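The values are calculated or read from the model by the stated rules, or taken from the named source; none is laboratory data. What you see is a predicted model, and the numbers here were worked out from it, not measured in a lab. Neighbour counts are summed over all protein chains in view; Cβ atoms, including those assigned to glycine, are modelled from backbone coordinates with ideal geometry.
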Amino acid sequence: MICLLLSLLLASAVCWPAPVWALQTHGGPEGLYAHQMAHLFFAFSMGLLIYWLRRRRLVDLRGWRFIQYAAFFFILWNADAFVGHWLEEQSGLIEIHRIGTMHMRIDAVQGHEWVPYLYYLVKLDHLLCVPAMVFLFMGLRWLLRMPADRDGEEGGA
């Protein structure tokens, strides 16, 4: 019965989708500021993770090396999302007109005709986030499958 309900729920989500924007806008400046600070903190944290993985020479193991790659892609994704939020909501360099579900027009301030191209490029943030998640999955899966070490602990952590 539960399987049937979950199948119906999934089918309804597929049949009646709602628009989902990769870069989400935030109401009021305080929501955006907190969100932008979170992107900076996440990027800094991933940089610190890379530093410690390399310092402790854990990247010699394949699983930790994949996690290092994931952290690198998460840094790139956070920088991309930060720039996208800034362009859309704070810069004043572009004006976005949503024409329809799948259409928008981006107007640039005089002298900044290149900014809409940059904005379009940063809207493709999934090209950085998906590889980050794949590398994270591969690294965690590899560490989980590692044989127990000499202290009797499971995994490679």
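Would segment 105-122 turn up any residue that is part of a helix (DSSP H, G or I), within 15 Å of the chain's Cα centre (by Cα) and modelled with pLDDT of 80 or more? Checking segment 105-122: at least one residue is part of a helix (DSSP H, G or I), within 15 Å of the chain's Cα centre (by Cα) and modelled with pLDDT of 80 or more.
Taking each residue of segment 53-66 that is without any contact (Cβ under 8 Å) to a residue 40 or more places away in the chain and looking for partners that are of a type in the set (D, E, K, R) and surrounded by 13 or more Cβ atoms within 10 Å (Cβ to Cβ) with beta-carbon atoms closer than 6 Å, six or more apart or interchain, yields Val59/Arg65.
Is it true that some residue in segment 80-87 is part of a helix (DSSP H, G or I), out of contact with any strand residue (DSSP E or B) (no Cβ under 6 Å at 6 or more places or on another chain), of a type in the set (Val, Ile, Thr) and more than 30 Å from Met146 (Cα to Cα)? Within segment 80-87 (the criterion being part of a helix (DSSP H, G or I), out of contact with any strand residue (DSSP E or B) (no Cβ under 6 Å at 6 or more places or on another chain), of a type in the set (Val, Ile, Thr) and more than 30 Å from Met146 (Cα to Cα)), the answer is yes, since at least one residue qualifies.
Give the residues of segment 83-107 that are of a type in the set (Val, Ile, Thr) and more than 19 Å from Ala38 (Cβ to Cβ), sorted by residue number. Scanning segment 83-107 gives Ile94, Ile96, Ile99, Thr101, Ile106.
Yes or no: Phe42 at pLDDT below 95, closer than 18 Å to Asp125 by Cα and surrounded by 14 or more Cβ atoms within 10 Å (Cβ to Cβ)? It is false that Phe42 is at pLDDT below 95, closer than 18 Å to Asp125 by Cα and surrounded by 14 or more Cβ atoms within 10 Å (Cβ to Cβ). Taking first residues from segment 79-96 that are touching a residue at least 24 places away in the same chain (Cβ under 8 Å) and closer than 14 Å to Lys123 by Cα and partners that are of a type in the set (D, E, K, R) and assigned to a loop (DSSP other than H, G, I, E, B), the Cβ contacts under 7 Å between residues at least 6 apart in sequence or on separate chains come to Asp80/Asp125; Ala81/Asp125; Gly84/Lys123; Gly84/Asp125.
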